[in-house]
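To start, the structure itself, in structure tokens.
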Amino acid sequence: DGGITQSPKYLFRKEGQNVTLSCEQNLNHDAMYWYRQDPGQGLRLIYYSQIVNDFQKGDIAEGYSVSREKKESFPLTVTSAQKNPTAFYLCASRKQDSTYGYTFGSGTRLTVV
Amino acid sequence: AQSVTQPDIHITVSEGASLELRCNYSYGATPYLFWYVQSPGQGLQLLLKYFSGDTLVQGIKGFEAEFKRSQSSFNLRKPSVHWSDAAEYFCAVGDTGTASKLTFGTGTRLQVTL
């Protein structure tokens, strides 16, 4: 079945370490997105990519980095510069048409200790 | 800039009762509007969406929403709530540019009592 896979589901890291969250989709979707979710704040856009080798900052990109070397993959790195990295991270993908068919992954919960 | 307001953080309803979740948006043109549902620790599932046309939109799981331009609202309704509807609900507005970014509200957590 086609879908979007985020791994791992839970991730623990020590403060000051960089960590990379995986997002893979086999839907042949063009665009991919990373959102951060905190209690009471909804989802906020970190980065998005519409085509391979191109990506744009979202509303809260500071302390994060991404790459888009393959259409299927859009990994997110949470760097040590991110002041409050503990959160739930959601990846999404979408076909470039007008119907807004977002598909979301099941998320990665990152805890920094 | 576009924005979404969900004024109710937490709502509790009895099973079988009707439900209305409020959503107000701010957008300069005709908006693309969405409702998503999220179970704990999971991703988001699309309930319904509005692009244009009929202002009453039917979705999955018996949900519907009505677009009211004069009130800048897109409230979600269900005539009879089931215990399995307990979850968090998010309203979102999409830009009409090529990036098609979604801006989400802060969510409403629905609790269903038996």
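Bear in mind that the values in this text are calculations on the coordinates, not laboratory data. Please read all numbers here as calculations on a predicted model, not as lab measurements. A quick note on method: Cβ atoms are made from the backbone with ideal geometry, for glycine too, and the neighbour counts reach across all protein chains shown.
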Taking the alpha-carbon centre of each part, the distance from region A:8-51 to region B:26-80 in Å is 24 Å
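If a/c stays under 1.5 just call it rounded; otherwise compare a/b with b/c (prolate if a/b is bigger, oblate if not). Do that for the protein assembly as shown, with a ≥ b ≥ c from the square roots of the Cα gyration tensor eigenvalues. Intermediate results must be reported in sequence, preceding the final value.
Details: a/c = 1.87, a/b = 1.42, b/c = 1.31.
Prolate, because a/c is 1.5 or more and a/b exceeds b/c.
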Among the aspartates and glutamates, select those whose C-alpha is under 14 Å from the C-alpha of B:LYS68, and discard any that sit fewer than 8 residues away in the same chain. B:ASP54
With the Cα gyration tensor of region B:34-114 giving a ≥ b ≥ c as the square roots of its eigenvalues, does the rule (a/c under 1.5 for rounded; else a/b larger than b/c for prolate; else oblate) give rounded, prolate or oblate? oblate
Only four residue types carry charge here, +1 at the Cβ of Lys and Arg and -1 at the Cβ of Asp and Glu. Report the dipole size of region A:1-76 about the Cα centre in Debye, rounded to the nearest 20. 200 debye
For chain B: relative contact order, % (alpha-carbon pairs under 8 angstrom, 6 or more apart): 37 percent
Dipole magnitude of region B:20-113, debye to nearest 20 (Cβ charges: Lys/Arg +1, Asp/Glu -1, about Cα centre): 80 debye
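Please state the relative contact order of chain A as a whole percent: Cα pairs under 8 Å, 6+ residues apart? Walk me through the intermediate numbers first.
On the way: 289 pairs, mean separation 39.1, N = 113.
Contact order relative to length: 35 percent.
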Identify the trypsin sites (Lys or Arg not before Pro) of region A:40-113 meeting these criteria: DSSP loop state and at most 11 other C-beta atoms within 10 Å of the C-beta. A:LYS83
Residue pairs, from the table A:LYS14/A:LYS83; A:LYS57/A:LYS83; A:LYS71/A:LYS95; A:LYS9/B:LYS61; A:LYS57/A:LYS95; A:LYS57/B:LYS49, whose Cα atoms sit over 23 Å apart: A:LYS9/B:LYS61; A:LYS57/B:LYS49
Taking the Cα-to-Cβ direction at B:LYS61 and at B:ARG77 and moving 7 Å from each Cα, how far apart do the two end points lie in nm? 1.9 nm
